[in-house]
1. Give the residues of the stretch 166-192 that are surrounded by fewer than 20 Cβ atoms within 10 Å (Cβ to Cβ), under 22 Å from Gly240 (Cβ atoms) and within 15 Å of the ligand (Cβ to nearest atom), sorted by residue number.
2. Please find, among Ala133, Ala146, the residue that is out of contact with any Lys or Arg (no Cβ under 6 Å at 6 or more places or on another chain) and either within 16 Å of the ligand (Cβ to nearest atom) or assigned to a strand (DSSP E or B) (or both).
3. Here are the criteria: (1) of a type in the set (Phe, Trp, Tyr); (2) more than 13 Å from the ligand (Cβ to nearest atom); (3) not in a helix (DSSP H, G or I). Tell me which single one Tyr219 does not satisfy.
4. I'd like the residue in the stretch 201-212 that is within 20 Å of Arg176 (Cβ to Cβ) and open to solvent by 20 Å² or more (accessible area, probe 1.4 Å) and, out of all such residues, is nearest to the ligand (Cβ to nearest atom).
5. What about Ala162, is it at pLDDT 95 or above, under 17 Å from Leu201 (Cβ atoms), buried (at least 18 other Cβ atoms within 10 Å of the Cβ) and within 14 Å of the ligand (Cβ to nearest atom)?
6. Can you tell me which residue within the stretch 86-119, out of those that are more than 21 Å from Ile205 (Cβ to Cβ), hydrophobic (A, V, I, L, M, F, W, C) and in contact (Cβ under 8 Å) with a residue 24 or more places away in the chain, is surrounded by the most Cβ atoms within 10 Å (Cβ to Cβ)?
7. For the stretch 213-258, give me each residue that is open to solvent by 20 Å² or more (accessible area, probe 1.4 Å), of a type in the set (Asp, Glu) and within 30 Å of Cys6 (Cα to Cα).
8. Which of the residues spanning the stretch 222-259 are within 19 Å of Gly103 (Cβ to Cβ), in contact (Cβ under 8 Å) with a residue 24 or more places away in the chain and more than 16 Å from the ligand (Cβ to nearest atom)?
Amino acid sequence: MMRRACVIGWPVSHSRSPLIHTYWLRSLGIEGEYVRQPVEPGAAGRFLAELRERGFVGCNVTIPHKEAAFAALDDVTPIGRALAGVNTVWLEGSRLIGTSTDGEGFLANLDERTPGWSAAPGPAVVLGAGGAAKAIVWSLRERGFAPIAVVNRSLSRAEDLAKQFGPFIRADRWERLPELLRNAALLVNATSLGMAGQPPLSVPIEALPAHALVTDIVYTPLSTDLLRAARSRGLVTVDGLGMLMHQAVPGFERWFGRRPTVTDELRALLVADIEAR
Ligand code: NAP
């Protein structure tokens, strides 16, 4: 029987997940389907309870359903539990299982683009304290980065994250960035600032040491102001498109039984799609 998966969200028309999964289905010669499924706010629990009856083996979950999906699961991975939100759901028998793959995608992107980047982990600065920032802080902690400064507009949100994730995670204010960046090995933008249609992101990039790695998880535009400023200083940078591709790998493998590869061809397809919108 043909396996089918979907992405649920509201709205969901902007999602690039169908492009990614359909590319992999075709290139691996798998007879399957991946579709967008608009699900209204408040209706995710019911949709997931009927997932199997609707003919799906699993789904991705995007805004605003990540927390509701978490609540609807029979079991969840440790990272999904820590984030209290999931982006990937699959069926094991009749049980619904879920996880968040953002952290895995974040690490895999840096591993691919800058091999050895976490061999000697040092202090990191993460801008943002939302869902993506949380997944990234969790992943950096796993790789041994310490201390990790979480700098966010709403300090209380960063403080909650620090309290939950332990002693090497510290909440900090934007005003302290020049000082925090001075000995940072890594700077991550995990806010939506700098994204097309959002306010710009302003960071005192000159404070970073010459060996620092700078990455932005915003990928529209692909080359953000932050990345351009870092490059003009000669720093190594990694854009956020790889995270988008890599975070999709575990879901595809669960649903369709083969581990797909992130290729230059897929990246080119996504770049063309970004430029066309
Ligand atoms: P979220 O939970 O809504 O968090 C948004 C973050 O941005 C918060 O830290 C928020 O600060 C901050 N922010 C928003 N507007 C701001 C403003 N005007 N001034 C200062 N800070 C502001 O969103 P998310 O899911 O974490 O996603 C964050 C970004 O990452 C989005 O642009 C998303 O598209 C991108 N993303 C990319 C990937 C990828 O694969 N590359 C994966 C996931 C997410 P407050 O807490 O103060 O509101």
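The values are calculated or read from the model by the stated rules, or taken from the named source; none is laboratory data. Because the structure is a prediction, the values reported are computed rather than measured. As a convention, Cβ positions derive from the backbone with ideal geometry for all residues, glycine included, and neighbour counts pool all protein chains shown. Ligands, DNA and RNA are excluded from the accessible area calculation, which covers all protein heavy atoms including side chains. Shrake-Rupley method; radii C 1.70, N 1.55, O 1.52, S 1.80 Å.
1. Answer for the stretch 166-192, where residues must be surrounded by fewer than 20 Cβ atoms within 10 Å (Cβ to Cβ), under 22 Å from Gly240 (Cβ atoms) and within 15 Å of the ligand (Cβ to nearest atom): Trp174, Ser192.
2. Working: Ala146 fails: either within 16 Å of the ligand (Cβ to nearest atom) or assigned to a strand (DSSP E or B) (or both).
From the options Ala133, Ala146, the qualifying one is Ala133.
3. (2)
4. Only one residue fits best here, namely Leu201.
5. On the way: at pLDDT 95 or above: yes; under 17 Å from Leu201 (Cβ atoms): no; buried (at least 18 other Cβ atoms within 10 Å of the Cβ): yes; within 14 Å of the ligand (Cβ to nearest atom): yes.
Spelling it out, it is not the case that Ala162 is at pLDDT 95 or above, under 17 Å from Leu201 (Cβ atoms), buried (at least 18 other Cβ atoms within 10 Å of the Cβ) and within 14 Å of the ligand (Cβ to nearest atom).
6. Going residue by residue through the stretch 86-119, those that are more than 21 Å from Ile205 (Cβ to Cβ) are 86-105, 107-108, 111-112, 115-116, 118-119.
Of the ones still in play, those that are also hydrophobic (A, V, I, L, M, F, W, C) are 86, 89-91, 96-97, 107-108, 119.
This time we only want the ones that are in contact (Cβ under 8 Å) with a residue 24 or more places away in the chain, so: 86, 89-91, 96-97, 107-108.
Numbers: Val86: 28, Val89: 30, Trp90: 20, Leu91: 18, Leu96: 22, Ile97: 19, Leu107: 20, Ala108: 20.
Only one residue tops the list, namely Val89.
7. Asp239, Glu253
8. Just the residues of the stretch 222-259 that are within 19 Å of Gly103 (Cβ to Cβ), to begin with: 238-254, 259.
Adding the requirement that they be in contact (Cβ under 8 Å) with a residue 24 or more places away in the chain leaves 238-252, 254.
Passing the criteria: only Arg254.
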